[in-house]
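Notes follow once the structure below has been shown.
The values are calculated or read from the model by the stated rules, or taken from the named source; none is laboratory data. All figures in this text were calculated on a predicted structure; none of them were measured in a lab. Using ideal geometry, Cβ is built from the backbone for each residue, glycine included, and neighbour counts are taken over all protein chains shown.
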Amino acid sequence: MAAQQDARGERVVIGVDSSTQATKAVAVGVDTGTVLGTGRHAHSVTSGAGRESDPEQWWAALTGAVAATGHAGRAEAVAVAGQQHGLVALGADGRPVRPALLWNDVRSAPQAAALVERFGAEELAERTGSVPTAAFTIAKWAWLRENEPAAADRVAAVRLPHDYLTEQLTGAATTDRGDVSGTGWWTPHGYDGELLGHVGLSAAALPEVVAPGTAAGRVRGGDGPLRPGTLVAAGTGDNMAAALGLGLRPGSPVVSLGTSGTVFAVTRGRPRDPSGVVAGFADALGGWLPLACTLNCTLAVDRFAALLGRDREAVEPGGTAVVLPFLDGERTPNLPYASGLLHGLRHDTTPGQVLQAAYDGAAYSLLAAVDDVLRAGGEENDPLAPLLLVGGGARGTAWRETMRRLSGRPVQVPAAEELVALGAAAQAAGVLTGEAADEVARRWGTGRPAVVLDPRPADTEALARIGDTLRRSHDLMARQLPAAEG
Ligand SMILES: Nc1ncnc2c1ncn2[C@@H]1O[C@H](COP(=O)(O)OP(=O)(O)O)[C@@H](O)[C@H]1O
Ligand SMILES: O=C(CO)[C@@H](O)[C@H](O)COP(=O)(O)O
């Protein structure tokens, strides 16, 4: 894909990635896939007991990032991909009644556990594809009802982050099967009335699920950077959009290294994992996207680098240190009350080895789940098939080499950055041309690898050390830390 070249005369689409830390937008030429311009605006996320962001800030970030591409005025279609699961609770006036509760807010862990207790893990996996954890929208809604009943009473509409932003563009309440599959109240046959009834939510408060390839609407009049009448594609969750951006074919495992760590694959079979390790999401087309997600990935490793006073690339090999970097609690394994743990220090352990141990600890659960993800969707796991690395962390040498050393697989990093935004752009192009979004991305070549690392024998000693520490610290990690004094 050529960078930043002029493509006058070519039709232009815009893809948006509204993820945890920032909104990124790309303007892309429909025929060639040329990236004509990019924009980025940061978000703020609370760092206290929970994780919250203001949806109106996302909207301002979206308009800013789209305008910054420099091509908004000539875009013919746009699509928005967003961080999954977040609860956007709107009042009758269409404005948020409170900040959104994000995917990585673990305060809703008791509500998730209560749902599993009431309906059973097997039953929930069968119906919704997933056993809900604190991340799922249904647990967040139950938390809001229990903890802020006055706010819950004012709620007239519940949206996911990408639904909210798409509705700001079109005025229509829509979602897509990919993102809605992360709510915990969607089944392949529609919204689950019994689950909604149990958490006291009416389906009338939820958006319409737009079919793949169908437009959500058109940009309504206003003073935003996009022309009124511009087509708006359905949009989707950020992991589903990354799969589109890669033009992913069934059975290829992908690891995304961002605020969250995720491992996923497009599969032909519908996943249902009662163990809860794999979330059985739908993809944004007609297939499935089994996925495992960790809460502690790039931010946790960067925190260790900061604590050690080192550059994030200043890792050193060797030693026996093990880091379980569960600074935000953890989702895989499901230990919402966990905190970080450092074990195996000796007099000769170096700071660089501790930093490497943080990378290893963050990578461990993702790599352990590759097989589960593929099997959950009925795909074969070829241990020598390449692992595709995406997300901000994929730019780092230490991340790439950690994945190579611990997986024993070849590792590939696509040349294109911002695959989520590119996936959204491919979806936007698809509503103009009638092509499926993954076909558009393959035509654009967005998944083409820039870095190909040959496989090395997996570092089984490090894997065994981490696995052993995780098993033996389980009781400690399952407990909540006493509140810090002072
Ligand atoms: N060159 C790099 N090497 C390693 N990590 C990087 C690099 N550049 C960015 N990152 C990491 O990428 C993260 C952001 O990734 P991104 O996928 O954009 O996150 P999100 O989608 O969750 O907002 C940051 O937390 C940062 O630590
Ligand atoms: O919760 C999940 C997946 O189930 C996360 O992957 C979110 O979708 C947030 O993504 P990033 O902001 O880290 O890209």
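Residue by residue, here is whether (1) buried (at least 24 other Cβ atoms within 10 Å of the Cβ); (2) farther than 29 Å from Ala242 by Cα; (3) outside the structural domain of Gly217 (by the TED database) holds:
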| site | (1), (2), (3) |
| --- | --- |
| Arg127 | no, no, no |
| Ile138 | yes, no, no |
| Glu148 | no, yes, no |
| Gly178 | yes, no, no |
| Thr183 | yes, no, no |
| Gly197 | no, yes, no |
| Gly200 | no, yes, no |
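For a quick check of your reading: which strands (runs of 3 or more DSSP E) sit entirely within region 318-428 and have at least 2 residues that are within 16 Å of ligand 2 (Cβ to nearest atom)?
387-390
Just to be sure, is Ala135 of a type outside the set (Val, Ile, Thr), in a strand (DSSP E or B) and either more than 14 Å from ligand 2 (Cβ to nearest atom) or in contact with a Cys (Cβ under 9 Å, 6 or more places away or on another chain) (or both)?
So Ala135 does not fit the description; no.
Go through Gly309, Gly251, Gly287 for me and flag whichever is surrounded by fewer than 24 Cβ atoms within 10 Å (Cβ to Cβ), over 29 Å from Ala425 (Cβ atoms), more than 16 Å from ligand 2 (Cβ to nearest atom) and not assigned by the TED database to the domain that holds Gln84.
Numbers: Gly251 fails: over 29 Å from Ala425 (Cβ atoms); Gly287 fails: over 29 Å from Ala425 (Cβ atoms).
The unique qualifying residue is Gly309.
Kindly evaluate Gly33 against the criterion of being in contact with a Leu (Cβ under 8 Å, 6 or more places away or on another chain) and more than 16 Å from ligand 1 (Cβ to nearest atom).
Answer is no for this residue.
Go through (1) part of a loop (DSSP other than H, G, I, E, B); (2) free of Cβ contacts under 8 Å to residues at least 60 places away in the same chain; (3) within 15 Å of ligand 2 (Cβ to nearest atom) and name the single condition Asp302 misses.
If we test Asp302 against (1) part of a loop (DSSP other than H, G, I, E, B); (2) free of Cβ contacts under 8 Å to residues at least 60 places away in the same chain; (3) within 15 Å of ligand 2 (Cβ to nearest atom), just (1) comes out false.
For Val277, work out the one condition from (1) within 13 Å of ligand 2 (Cβ to nearest atom); (2) β-branched (Val, Ile, Thr); (3) in the same structural domain as Arg159 (by the TED database) it doesn't fulfil.
(3)
With the condition kept exactly as written, say whether any residue in region 183-202 is of a type in the set (S, T, N, Q), closer than 27 Å to Leu432 by Cβ, under 24 Å from the mean Cα position of the chain (by Cα) and not in a helix (DSSP H, G or I).
Scanning region 183-202, I find no residue that is of a type in the set (S, T, N, Q), closer than 27 Å to Leu432 by Cβ, under 24 Å from the mean Cα position of the chain (by Cα) and not in a helix (DSSP H, G or I), so the answer is no.
Enumerate the pairs (first residue in region 165-185 and within 17 Å of Ala92 (Cα to Cα); second residue anywhere and part of a loop (DSSP other than H, G, I, E, B) and hydrophobic (A, V, I, L, M, F, W, C)) with beta-carbon separation below 6 Å, excluding pairs fewer than 6 apart on the same chain, so at least 6 apart or on different chains.
Partner pairs satisfying both residue conditions: Glu167/Ala173.
Can you say whether Arg74 is among the basic types (Lys, Arg), away from ligand 1 (no atom under 16 Å from the Cβ) and over 26 Å from Pro188 (Cβ atoms), as far as the supplied structure shows? Even if it seems obvious, please write down each step before you answer.
Numbers: among the basic types (Lys, Arg): yes; away from ligand 1 (no atom under 16 Å from the Cβ): yes; over 26 Å from Pro188 (Cβ atoms): yes.
Yes: the conditions hold for Arg74.
Among the candidates Gly229, Gly235, Gly217, Gly258, single out the residue that is away from ligand 1 (no atom under 16 Å from the Cβ) and either within 22 Å of Gly447 (Cα to Cα) or without any contact (Cβ under 8 Å) to a residue 24 or more places away in the chain (or both).
Working: Gly235 fails: away from ligand 1 (no atom under 16 Å from the Cβ); Gly217 fails: either within 22 Å of Gly447 (Cα to Cα) or without any contact (Cβ under 8 Å) to a residue 24 or more places away in the chain (or both); Gly258 fails: away from ligand 1 (no atom under 16 Å from the Cβ).
Within the list Gly229, Gly235, Gly217, Gly258, the selection yields Gly229.
Only residues in region 438-466 that are assigned to a loop (DSSP other than H, G, I, E, B) count as the first member; pair them with residues that are among the hydrophobic types (A, V, I, L, M, F, W, C) and buried (at least 16 other Cβ atoms within 10 Å of the Cβ), Cβ under 6 angstrom, at least 6 apart or cross-chain, and list the lot.
Between residues of region 438-466 that are assigned to a loop (DSSP other than H, G, I, E, B) and residues that are among the hydrophobic types (A, V, I, L, M, F, W, C) and buried (at least 16 other Cβ atoms within 10 Å of the Cβ), the close pairs are Gly445/Met1; Thr446/Ala416; Thr446/Leu422; Gly447/Leu246; Asp459/Leu406.
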